[in-house]
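The structure appears below as structure tokens.
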Amino acid sequence: MGKVIQKRAGIQRSYPLLLVCGDHDLELAQRQARQWHAADPGTELCFIENAGHCANMDQPETFNAKLASFLTDVQN
């Protein structure tokens, strides 16, 4: 996972990014999400309560509400 989340020279993302983890997700996934968020100011990090690795399936209403809010904020 460390190879996926790393700075890539010359690549600029021109859009905001929502990082989502369940609060019961693997420690590795949570740690990597926190590191990615700390290293990239264009990200927003969200932990969904009572969810594991598939937070969108474990807590779909909460996930959908967070995603809708993020998309609304990005458009404004």
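Summary of values
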| item | result |
| --- | --- |
| Top-ranked residue in the range 53-76 [being touching a helix residue (DSSP H, G or I) at 6+ places or on another chain (Cβ under 6 Å) and crowded, with 17+ Cβ neighbours inside 10 Å; ranked as farthest from G22 (Cα to Cα)] | F63 |
| Selection within the range 44-66 - of a type in the set (A, V, I, L, M) and out of contact with any strand residue (DSSP E or B) (no Cβ under 7 Å at 6 or more places or on another chain) | M57, A65 |
| Per-region count, the range 1-58, residues charged (D, E, K, R), modelled with pLDDT under 90 and more than 20 Å from V74 (Cα to Cα) | 3 |
| Within the range 17-52, tally of residues that are surrounded by 13 or more Cβ atoms within 10 Å (Cβ to Cβ) and either part of a loop (DSSP other than H, G, I, E, B) or more than 12 Å from the chain's Cα centre (by Cα) (or both) | 7 |
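The values are calculated or read from the model by the stated rules, or taken from the named source; none is laboratory data. Please read these numbers as outputs of a predicted model, since none were measured by experiment. Cβ coordinates were reconstructed from backbone atoms using ideal geometry, including for glycine residues, and neighbour counts include every protein chain displayed.
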